[in-house]
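> This is the structure, below, for whatever I ask next.
The values are calculated or read from the model by the stated rules, or taken from the named source; none is laboratory data. Fair warning: this is a prediction, and the values are worked out from it, not measured in the lab. Positions of Cβ are generated from backbone atoms using ideal geometry, with glycine treated the same way; all protein chains shown enter the neighbour counts. With ligands, DNA and RNA removed, areas are computed over all heavy atoms of the protein, side chains included. Shrake-Rupley method; radii C 1.70, N 1.55, O 1.52, S 1.80 Å.
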Amino acid sequence: MRLLGCVTGRFQPVHDQHLELFELVAAECEHLVVAITNPDSGARREEPTSAHRHTPEANPFSYFERVRLLTVALAAAGLGGRMTIVPFDLTRPEVWTQYVPRHAHQYVRAYSPWERDKAGRLAAAGYEVTVIDGDPATKRHAADVRACIRAGGDWESLVPPATVAVLKALRA
């Protein structure tokens, strides 16, 4: 068993496939670090392999709101005592080890060139990285969750049940 495993992402918002990945990593590691990318508006940059990730529409939840959502989702999954949530600005690799120690093993589920690019950046910074191939046909998109929330659709079935009350409060 590895000591420390890390998953990075925007979590805009956290959804069921994120939770699946957290549980997979927690099964292999003693402690899980959830590293929130785009932690603030200054950390957003255009990326050639991900045209939307820097836009305001793709980042409606603040760092604080995402921490709240992740905290309740991970606690409900039984991981509350085995995780730490940190900011992780992908545009500043020189500070990454201040938030995620270099001995943390990075796990990246790759559905697209963006995730493979991110895995390459983490490896280039000296992290050990495991890439878990994801089937693009089955990928849950947080953009779809956000669209359902905006349209008043069935978004509740797309997110961990523990996050529903927090998301409703954030919408109010």
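> For residues in segment 72-125 being open to solvent by 30 Å² or more (accessible area, probe 1.4 Å), part of a helix (DSSP H, G or I) and charged (D, E, K, R), which is farthest from VAL25 (Cα to Cα)?
The qualifying residue farthest from VAL25 (Cα to Cα) is GLU94.
> Kindly provide the set of residues from segment 126-147 that are without any contact (Cβ under 8 Å) to a residue 40 or more places away in the chain, open to solvent by less than 50 Å² (accessible area, probe 1.4 Å), of a type in the set (A, V, I, L, M) and within 16 Å of GLY9 (Cβ to Cβ), ordered by number.
VAL129
> Tell me, which residue of segment 158-172 that is more than 16 Å from PHE11 (Cα to Cα) and not hydrophobic (A, V, I, L, M, F, W, C) is surrounded by the fewest Cβ atoms within 10 Å (Cβ to Cβ)? Steps first, please.
Our first condition is that a residue be more than 16 Å from PHE11 (Cα to Cα); within segment 158-172, this holds for 165, 168-169, 171-172.
Still in the list and also not hydrophobic (A, V, I, L, M, F, W, C): 168, 171.
Working: LYS168: 12, ARG171: 10.
The extreme case among them is ARG171.
> Here's a check for you: in segment 42-71, which residue that is acidic (Asp, Glu) and part of a helix (DSSP H, G or I) is modelled with the highest pLDDT? Quick ask: steps written out before the conclusion?
Taking segment 42-71 first, the residues acidic (Asp, Glu) are 46-47, 57, 65.
The next check asks that each one be part of a helix (DSSP H, G or I); those that pass are 57, 65.
On the way: GLU57: 81, GLU65: 97.
Top of the filtered list is GLU65.
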